[in-house]
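Only one structure is covered here, and it is reproduced in the block below.
Bear in mind that the values in this text are calculations on the coordinates, not laboratory data. The shown structure was predicted, so the numbers you read here are calculated from the model rather than taken from an experiment. Neighbour counts are summed over all protein chains in view; Cβ atoms, including those assigned to glycine, are modelled from backbone coordinates with ideal geometry.
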Amino acid sequence: MDVGDRRIGMAVSDIMGWTAQGIETLERRNDKYDIEKIAKAIDLYNPEKIVLGLPRNMNGTIGPQGEKVKEFGQLLKEEVYKGEIIYWDERLTSVLANRIMIDADLSRRKRKKNVDMMAAVFILQSYLDYINNQKKGE
């Protein structure tokens with residue numbers, strides 16, 4: 001998930017854990033609404049783990065937005081998800097998502113609607129690539 005103040009982009013992996021696909025962009029309203037919507041996605045996809053993009057500053061430290069993501073992860077744990085939550089470095093994923101959509105000549109409106117879901121795809125794909133490369137090295 002790419003967790004922002006206004007939207008949460010969501011993605012899932014294929015059954016083999018090789019590729020990430022975007023599933024939804026949730027327009028945030030309040031914690032109760034957000035958790036209910038995410039609970040439905042959890043029920044539908046039954047994830048083994050949840051990967052939350054953790055925004056870091058360019059020097060690697062965690063800033064205010066990163067702290068919000070950690071708080072949101074804690075809320076997920078308390079309310080709807082008992083499995084493992086992974087915090088994954090998401091530096092520049094939204095920039096990359098915007099750049100790709102600009103190159104694809106998508107309108108500003110379509111970019112705004114899809115950037116968070118696309119960022120979630122990049123976050124999850126980065127995590128999957130890391131895990132799969134670790135398996136190759138064993």
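Neighbour counts of other Cβ atoms within 10 Å put D14, D34 in the fewest-to-most order D14, D34. The gain in end-to-end length when the D89 to K136 segment is fully stretched comes to 14.8 nm, 0.36 nm per residue minus the alpha carbon separation.
Amide H to amide H distances under 5 Å link G4 with G9, where only residues 5 or more positions off or on other chains count and H is placed in the peptide plane.
Scanning residues 5 or more positions from T19 or on other chains, those with amide H under 5 Å from its amide H are D14, with H placed 1.01 Å from N in the peptide plane. Between D89 and L54, the built amide H atoms are under 5 Å apart, and every one of these is 5 or more places off in sequence or on another chain. Dividing the Cα radius of gyration of the stretch 2-137 by its Kirkwood radius returns 0.95 for Rg/Rh. For GluC sites (Glu not before Pro), the sites in the stretch 2-50 that DSSP calls loop and that have at most 15 other Cβ atoms within 10 Å are E48.
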